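Visitor: Pasting a structure here, questions to come.
The values are calculated or read from the model by the stated rules, or taken from the named source; none is laboratory data. Note that the coordinates shown come from a computational prediction; the quantities given were computed from them, not determined experimentally. Every residue, glycine among them, receives a Cβ derived from its backbone with ideal geometry; neighbour counts consider all protein chains shown. Keep in mind that these areas ignore ligands, DNA and RNA; they rest on the heavy atoms of the full protein, side chains included. Shrake-Rupley method; radii C 1.70, N 1.55, O 1.52, S 1.80 Å.
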Amino acid sequence: MPGQRADVVICGAGIAGIAAAYHLAVRCGIADVVLADPEPPLSVTSDKSTECYRNWWPGPGDAMVRLMNRSIDLLEELARQSGDVFHLNRRGYLYATADPARARELERLGAEISALGAGPLRRRAGRPGEAPYVPAPPEGFEGQPTGADILTDQALIRRHFPCLSERTLAALHARRCGWFSAQQYGMYLLEQARAHGARLIPGRVEGVEVGGGRVRAVRVARVGGTSVIATPTFVNAAGPWLTEVGRLVGADLPVFSELHLKIAFRDDRQVIPRHAPLLIWIDPQRLAWSEEERALLAESPQTAHLLGEMPDGVHARPEGRGDSTTVLMLWPYHTPPVAPVFPLPLDPAYAEVVLRGMTAMLPALAGYLERLPRAVVDGGYYTKTRENRPLVGPLPVEGAYVIGALSGFGQMASAAAGELLAAHVAGTELPGYAPAFRLERYQDPAYRALLEQAGASGQL
Ligand SMILES: Cc1cc2nc3c(=O)[nH]c(=O)nc-3n(C[C@H](O)[C@H](O)[C@H](O)COP(=O)(O)OP(=O)(O)OC[C@H]3O[C@@H](n4cnc5c(N)ncnc54)[C@H](O)[C@@H]3O)c2cc1C
């Protein structure tokens, strides 16, 4: 299949590649954009997410808050223009704690994130004359507050969230947050891109030809042969294979992958209200195992860690509309760096462990522990940089770009990340946060010092 050409070839039709194609084709008017992927669009990681979004991001610096605020602006714009085909809601994220020290930390961090541009922090302590806490509507996103409400009165918390543990001392409801149907959103972007000339070709990018220091062509292995597509521009949007595809242009991308799983099951006991926001428990905990279970778990190094202190962050939300009873739950309690392999190595204990962890926040879930519900377990890889910020921008070879390391925020960041990638390619004005996501940031001594300060995890 000789003699093809394109303005841009994007490697990968996950949400990163599709958002890039949308912005290049639809918003920048670059007609001849090719998306190459051997897998169906959105089928590797991008259809496994929890589909949530938030502008509530810690620092240092305001780059993540600004990126997400821009992304949510775009999501809202796309929702309006599409007749809300992807059901964008604005239910918020509810972070809750039963620990007085963490309650104080929630408030301190809340003030810090608010000051970064995420919106005002409203204190709701149940005092007379105080402005009332207004819950989020289950559907729709218009006319809702930004920022967060911090509820520190237990009676107020119980009134609005009776499903939470009576031990809950404080809850922070971040408001420019919610979820949407990520599959519908991605397909909408893809349809729009195709309507503006973008092409999807089934095939694996196996080589990038570089001549005179710049991209000349991309080789795509397809059923029946290899296509050589002459192009000045190559975009690496390969998700978990970002490193391998980076090597095709000699770029060493500082990313690694973690396996993250989630469960879905029918909440027949109706523990999680159907109108609930995303519910997140921010306290570490020890799981209550019987003596017999403890002995069994201690026998293997694969399971012994379940006996120690487990991390914060177990979370859940209702899924589906109408008469759906499905709920989703996740708990990243064991996520060492791994080489991505498919099919995913699923942990047989995961569903039970998550359910047990979630009972700290929602005690009525304990009713399921006698007879575990039938849960569907799936997931994918968080491919990330050590400081958990994305890579969007040019690579050292002229004409080569990357959009990736989207970790656990690729759906919510995709709109602004795609727009940023397109601005780099098209040479249009870059937003102020652009330098924070370029690969070159690692050459900046001040940035490297920041990473060192962040400690072993490197997470900023
Ligand atoms: C359990 C879980 C929960 C999550 N929850 C959320 C959430 O609530 N909110 C949120 O915003 N994000 C969430 N995420 C993260 C989000 O799903 C990812 O960040 C996002 O899907 C990554 O998109 P991607 O396009 O970079 O990668 P992918 O979707 O993996 O796409 C990469 C594509 O590149 C293709 N590819 C690779 N190599 C080649 C090659 N050589 N040639 C051609 N094609 C190639 C692959 O086939 C694949 O289709 C979650 C992720 C997981 C796993």
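Visitor: Apply the Debye scattering formula to the stretch 341-460, with a single equal point scatterer on each alpha-carbon and no solvent, then give log10 I(q)/I(0) at q = 0.16 Å⁻¹.
Guide: Values returned for q = 0.16 Å⁻¹ are -0.89.
Visitor: When the expected Rg is taken as 2.2 N^0.38 Å, what fraction or multiple of it is the alpha-carbon Rg of the stretch 320-367?
Guide: Numbers: Rg = 14.0 Å, N = 48, 2.2 N^0.38 = 9.6 Å.
Expressed relative to 2.2 N^0.38 Å, the Cα Rg reads 1.46.
Visitor: Averaged per residue, what accessible surface does the stretch 293-411 expose to a 1.4 Å probe, in Å²?
Guide: Accessible surface, normalised per residue, equals 44 Å².
Visitor: For the chain, give the percent of accessible area contributed by carbon and sulfur heavy atoms, probe 1.4 Å, rounded to a whole number.
Guide: Working: 10290 of 19340 Å².
Here carbon and sulfur together make up 53 percent of the probe-accessible area.
Visitor: In debye, nearest 20: dipole of the stretch 1-160 around its Cα centre with unit charges on the Cβ of K, R (+) and D, E (-)?
Guide: Dipole of the stretch 1-160, to the nearest 20 debye: 640 debye.
Visitor: If you average the sequence gap of Cα pairs under 8 Å that are 6 or more apart and divide by the length of the chain, what percent do you get for the contact order? Write down the numbers at each step before the final one.
Guide: Numbers: 992 pairs, mean separation 101.3, N = 460.
Computed over the chain, the figure is 22 percent.
Visitor: Only residues of the stretch 319-352 count here: report those whose backbone N is under 19 Å from the spot 7 Å along Cα→Cβ of Arg269, or say none.
Guide: 319, 325-331, 350-352
Visitor: Shifting gears a bit: Using only alpha carbon positions, build the gyration tensor of the stretch 133-288, then give the equivalent ellipsoid semi-axes as the square roots of 5 times its eigenvalues, largest first, whole angstrom. Walk me through the numbers before you get to the answer.
Guide: On the way: eigenvalues 446, 79, 54 Å².
That gives 47, 20, 16 Å for the three semi-axes.
Visitor: Normalise the Cα radius of gyration of the stretch 140-230 by 2.2 N^0.38 Å (N = residues in it) and let me know the number. Working shown, then result.
Guide: On the way: Rg = 25.3 Å, N = 91, 2.2 N^0.38 = 12.2 Å.
Working it through for the stretch 140-230, the quotient is 2.07.
Visitor: Find, among the GluC sites (Glu not before Pro) in the stretch 383-460, those assigned to loop by DSSP (not H, G, I, E, B) with at most 16 other beta-carbon atoms within 10 angstrom. Kindly include the intermediate steps, with their values, before the conclusion.
Guide: On the way: sites: Glu387, Glu398, Glu419, Glu429, Glu440, Glu452; in loops: Glu387, Glu429.
Answer in residue order: Glu429.
Visitor: Can you tell me the mean projection area, over all orientations, of the convex hull of the chain's alpha carbons? Units nm², please. If you can, show how the numbers build up before the last one.
Guide: On the way: hull surface 93.0 nm².
If you wrap the Cα atoms of the chain in a convex hull and average its projections, you get 23.3 nm².
Visitor: Once the dipole of the stretch 233-357 is set up with Lys and Arg at +1 and Asp and Glu at -1 on Cβ about the Cα centre, which of Gln302, Val327, Val341 lies farthest towards its positive end?
Guide: Checked the options; the winner is Val327.
Visitor: Another question about this same structure. Would you mind getting the Kirkwood hydrodynamic radius of the stretch 38-101 from its Cα pairs, rounded to one decimal in Å?
Guide: On the way: mean 1/r = 0.0687 Å⁻¹.
After inverting the pairwise mean of 1/r, the radius is 14.6 Å.
Visitor: Next up: What does the charge dipole of the chain about its Cα centre add up to, to the nearest 20 debye, if the Cβ of each Lys and Arg holds +1 and the Cβ of each Asp and Glu holds -1?
Guide: Numbers: 46 positive and 49 negative charges, 121 e Å.
Result for the chain is approximately 580 debye, rounded to the nearest 20.
Visitor: While we're here: Once Rh for the stretch 19-168 is found with the Kirkwood sum over Cα pairs, what is the Stokes-Einstein diffusion coefficient at 4 °C and 1.567 mPa s, in µm²/s?
Guide: Values: Rh = 18.3 Å.
Reported coefficient: 71 µm²/s.
Visitor: Under 12 Å from the Cβ of Ser71, count the other residues' Cβ atoms, weight Lys and Arg +1, Asp and Glu -1, and hand me the total. Intermediate values should be presented prior to the final figure.
Guide: Details: positive: Arg54, Arg66, Arg70, Arg176; negative: Asp73, Glu76, Glu77, Glu419.
Combined, the nearby Lys, Arg, Asp and Glu give 0.
Visitor: Rounded to the nearest 10 Å², what accessible area does Glu105 show when all protein chains are kept and the probe is 1.4 Å?
Guide: For Glu105, the solvent-accessible surface is approximately 80 Å².
Visitor: Something else now. Have a look at Ala264, Ala13, Val44 and report the one farthest towards the positive end of the charge dipole of the chain, computed about the Cα centre with Cβ charges (Lys/Arg +1, Asp/Glu -1).
Guide: Of the candidates, Ala13 comes out farthest on the positive side.
Visitor: At 0.36 nm per residue, minus the direct Cα-Cα distance, what do Glu139 and Ala298 gain on full extension? Give it in nm, one decimal, please.
Guide: Working: separation 159, 0.36 × 159 = 57.24 nm, distance 4.54 nm.
Answer, rounded to one decimal: 52.7 nm.
Visitor: Moving on. What distance in nm separates the two pseudo spin-label positions at Ser290 and Glu398, each 7 Å out from Cα along the beta-carbon direction?
Guide: 7.1 nm
Visitor: While we're looking at this one, here's another question. Give the dimensionless ratio obtained when the Cα radius of gyration of the stretch 365-436 is divided by 2.2 N^0.38 Å.
Guide: On the way: Rg = 18.6 Å, N = 72, 2.2 N^0.38 = 11.2 Å.
My calculation over the Cα atoms of the stretch 365-436 gives 1.66.
Visitor: Sticking with this structure for a sec: Under 14 Å from a point placed 7 Å out from the Cα of Glu39 along the Cα-to-Cβ direction: which residues of the stretch 366-392 have their backbone N that close?
Guide: Inside the label zone: 378-383.
Visitor: Please compute the net charge surrounding Trp241, taking Lys and Arg as +1 and Asp and Glu as -1 over other residues with Cβ under 12 Å from its Cβ. Each step should come with its number before you reach the end.
Guide: Details: positive: Arg204, Arg247; negative: Asp37, Glu39, Glu206, Glu244.
Net local charge, Trp241 excluded: -2.
Visitor: Per q in 0.09, 0.20, 0.24 Å⁻¹, report the Debye log10 I(q)/I(0) for the stretch 292-398, using one uniform scatterer on each alpha carbon and no solvent.
Guide: These q points yield log10 I(q)/I(0) values of -0.34, -1.29, -1.56.
Visitor: Among DSSP beta bridges whose residues both lie in the chain, state the antiparallel percentage, nearest 5. Display every interim value, and only then the final one.
Guide: Values: 52 of 77 bridges.
The antiparallel proportion sits near 70 percent.
Visitor: Percent of alpha carbon pairs in the stretch 230-369 separated by more than 19 Å? Each step should come with its number before you reach the end.
Guide: Numbers: 5997 of 9730 pairs.
Every Cα pair in the stretch 230-369 considered, those over 19 Å come to 62 percent.
Visitor: Rounded to the nearest 20 Debye, what is the dipole magnitude of the stretch 206-305 about its Cα centre when Lys and Arg each give +1 and Asp and Glu each give -1 at the C-beta? All intermediate terms of the calculation are to be shown ahead of the outcome.
Guide: On the way: 11 positive and 12 negative charges, 132 e Å.
Computed about the Cα centre, the dipole is about 640 debye.
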